[in-house]
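One structure is given here, and the rest of the page talks about it.
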Amino acid sequence: MLRRKENIVMFPFMAQGHIIPFLALALQLEQIKKYTVTIVNTPLNINKLRSSIPINCSIHLLEIPFDCSGYDLPPGTENSDSIPNHLIANLLHASVSLKPSFRKLISDLVKEQNGHPPLCLITDIFFGWCSEIAHEFGAFHAIFSGSGGFGIACHYYLWLNLPHQMKNSDEFTVPDFPEASKIHVTQLAENLRVVNGSDLYSVFLQNVLPEWMNSDGILLNTVEELDKVGLEYFRLKIGKPVWSIGPVLLSKRSQDQAATTAELCENWLDTKPVNSVLYISFGSQNAISAPHMMELAVALEASGKNFIWVVRAPIGFDINMEFKATEWLPEGFEERMKDSKRGLLVHKWAPQVEILSHKSISAFLSHGGWNSIIESLSHGVPLIGWPMAGEQFYNVMLLEEQIGVCVEVARGKSCEVRREDILKKIMLVMDETEKGKEMRKKALEVRDMIMDAVKDFKGSSVKAMDEFLNAALLRQEEAMRQVIHEE
Ligand SMILES: O=c1ccn([C@@H]2O[C@H](COP(=O)(O)OP(=O)(O)O[C@H]3O[C@H](CO)[C@@H](O)[C@H](O)[C@H]3O)[C@@H](O)[C@H]2O)c(=O)[nH]1
């Protein structure tokens, strides 16, 4: 008898930094061929996903209705990329209203399958409430985060305990976690620095973080050997299985991007010597301030290095508006870079994985989002960190202090950043300095470590994925035995 394909239902939060790793994981699970994979999201995001999944892929896309009215959001908001950062807390709160529709969607799926529940629901870190729904219908529930163990562990502790509110000092430690060393107040995201416990952000997170413990385990886009200390601490705090299944990466060209941009970057990179180009990007939803942009541009020009820079409107402007080089960059900068073929400014969105995999790339100046880090290290590219928000400060801390593949150049959205300091760090990493050579060597070692983790059968990430799927299957068998017993 042909065994039915078990269904895995995936539900990311409505932000590109979350949807991208979920899609990458969905594609990975689909490759196993034993499972039907369904991604649930709001209509606009499903539409976007439809254009980014490969044509012959069998992933199902299911729409869930979403009404953001009543949460002080612009009408029709369905993704964090269309709103300024200060409204993200509103979108988080609004996302809780998806609960009844998601419950109905799962109930309908179960009915369609004659009472057979999905094997597993894999949902976002912000959707901890899905455990209740999964368990009501007898499904296994895992939370998936695109973050690493170290970063998520610090983030978890800080948001639950708000230690900076209790101390007069600018520095504090994370109890039982000496590797996180001292956290300075400048390493707190702006929204965390100003919380008072009753603001929208902390109210949301203090509700949602404890819900993780109701899940059956947590999947992280990280590699055990790379992230051991953070994972150890996180497992201790959560008391649930934490499976390191990374790197979960979108393969080349499966991202939603204009082929022309990809071609432009590749053609441009092909003309550059090996290890000669700096790639600069601040992730899917961050931008730097206009004065910071000016300092960075001056430093880039002074460095004489080749670069690709993903430019967006600076903080304070609509991130989706047209980029005004004449206003935000030094006079004539764009033309000079174009004429000398030294710098390529890509507006809004670049084919990042393709760029990072090109042999001309030497280093990545990044905000330290974990997807970017994993993508960079998977290609042996060292980083220059400029953390902006969330757990990015601790990601950069891990890479710099524990692994040695990164130097921090600046911290936060409003810190003082001087062109001389940026220039110094660019030269340190890209030139043949002792530090630069050491960082490149380590980045290549980490790349090999990551490749080992995904080797068939014996890689740690392959084993972790098997353990997770086996735990879900075991739960299903137990549930079926119970039904037979009750009958
Ligand atoms: O021009 C661009 C910009 C981004 N990306 C892709 O977008 C993703 C960006 O992810 P990430 O680097 O993690 O940054 P964020 O979008 O800022 O990610 C959010 O989610 C991450 C994973 O949970 C967290 O580590 C971050 O703090 C959080 O801001 C990556 O896959 C990039 O390849 C592109 O392809 N082109």
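The values are calculated or read from the model by the stated rules, or taken from the named source; none is laboratory data. Model, not experiment: these values are computed from the prediction. Heads up, the Cβs are rebuilt from the backbone with ideal geometry, glycines too, and the neighbour counts pull from every protein chain shown. Keep in mind that these areas ignore ligands, DNA and RNA; they rest on the heavy atoms of the full protein, side chains included. Shrake-Rupley method; radii C 1.70, N 1.55, O 1.52, S 1.80 Å.
Some points to look at:
- D199 paired with E225, simple spin-label distance in nm, labels 7 Å along Cα-to-beta-carbon: 4.1
- Compared with the dominant Cα axis of the chain, that is its longest principal axis, helix 228-238 is turned about 40°.
- The fraction of accessible area contributed by carbon and sulfur in the range 342-484 is 54 percent, rounded to a whole number (1.4 Å probe; ligands and nucleic acids excluded).
- Take the Cα of D421, step 7 Å toward its Cβ, do the same at L162, and the gap between the two points is 2.9 nm.
- Stretching the chain fully between K348 and R336 yields a gain of 2.3 nm (0.36 nm per residue, less the alpha carbon separation).
- Gain in span if fully extended, K458 to D270, counting 0.36 nm per residue against the direct Cα distance: 64.1 nm
- Acute angle (nearest 10 degrees) that the helix 43-52 long axis makes with the longest principal axis of the chain, alpha-carbon atoms: 70
- Gyration tensor verdict on the chain (Cα atoms; rounded if a/c is under 1.5, prolate if a/b is larger than b/c, oblate otherwise): prolate
- DSSP-assigned coil residues among trypsin sites (Lys or Arg not before Pro) in the range 409-458, each with at most 14 further Cβ atoms within 10 Å: R418, K455, K458
- With respect to the chain, whose longest principal axis is taken over its alpha-carbon atoms, helix 16-31 is tilted by about 60°.
- Antiparallel bridges, percent of DSSP beta bridges restricted to the chain (to nearest 5): 5
- Computed from backbone phi, the HN-Hα couplings of the range 204-211 come to 4, 5, 5, 7, 7, 4, x, 5 Hz, rounded to whole numbers (Karplus: 6.51 cos²θ - 1.76 cosθ + 1.60, θ = phi - 60°; Gly and Pro given as x).
- Whole-number accessible area per residue in Å² for the chain, which is evaluated in the context of all protein chains at 1.4 Å: 43
- Label-to-label distance, nm, for residues given as E434 and Q31 (7 Å Cα→Cβ offset): 4.1
- In the range 102-215, the portion of solvent-accessible area held by carbon and sulfur atoms comes to 50 percent [1.4 Å probe, whole percent, DNA, RNA and ligands not counted].
- Charge dipole (debye, nearest 20) of the chain; +1 at Cβ of Lys and Arg, -1 at Cβ of Asp and Glu: 700
- Projecting the Cα atoms of N85, V9, Q31 onto the charge dipole of the chain (Cβ charges, centred on the Cα centre) puts Q31 farthest toward the positive pole.
- The simple Förster model, with R0 at 22 Å and r as the Cβ-Cβ distance, assigns T173 and V96 a FRET efficiency of 0.10.
- Amide H contacts of V346: W309, V310, V311, each under 5 Å away and 5 or more positions distant or on a separate chain (H built 1.01 Å from N in the peptide plane; Pro and chain starts excluded).
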